[in-house]
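Working notes, beginning with the structure itself.
No lab work stands behind these numbers, since they all come straight from the coordinates. Because the structure is a prediction, the values reported are computed rather than measured. Cβ atoms come from the backbone with ideal geometry, glycine included; neighbour counts cover every protein chain shown.
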Amino acid sequence: MTAATFPVTHNEAASRFEATVDGQLCVASYRRSPGVVDLNHTGVPRALEGRGIAAALVAEALAWAAAEGLKVRPSCSYVRVYMQRHPETLRLMN
C-alpha cells in the first residue's frame with residue numbers, strides 16, 4: 001500500500017490529521033498556538049507499520065502548516081526524523 005491509496009483528512013475539531021486504513025485509525029496530532037503548530041504525536045497501529053502511513057500524515061500536516069504560515073515545533077520524534085529526512089521542510093521548524 002502506498003500513500004496514494006488512502007485519503008488523509010484534517011479533523012480540525014480533534015486537532016489531528018487522520019487516515020483510516022484497513023478499518024484502523026491512524027493519526028498525526030497537533031496543538032496550535034498563535035503562529036506555531038506543535039506536531040506532538042503520530043500513531044499508526046503496529047499491524048499497519050511500514051506502509052508509509054505516518055509519512056503521509058506528517059507530509060499533509062506540514063503542507064497545511066506551510067499554507068497557514070505556521071512554524072512547526074516537532075515534539076514527536078517521528079516528525080523530527082521525517083523533517084531531517086526531508087530537508088525542504090526544515091524551513092518550517094520553529
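The set of residues in region 75-94 that are under 12 Å from T42 (Cβ atoms), β-branched (V, I, T) and surrounded by 18 or more Cβ atoms within 10 Å (Cβ to Cβ) contains only V79. Scanning region 34-65 for residues that are more than 19 Å from R80 (Cα to Cα) and free of Cβ contacts under 8 Å to residues at least 24 places away in the same chain gives P34, P45, R46.
Checked against (1) touching a strand residue (DSSP E or B) at 6+ places or on another chain (Cβ under 7 Å); (2) in contact (Cβ under 8 Å) with a residue 12 or more places away in the chain; (3) hydroxyl-bearing (S, T, Y), T9 meets all criteria but (2).
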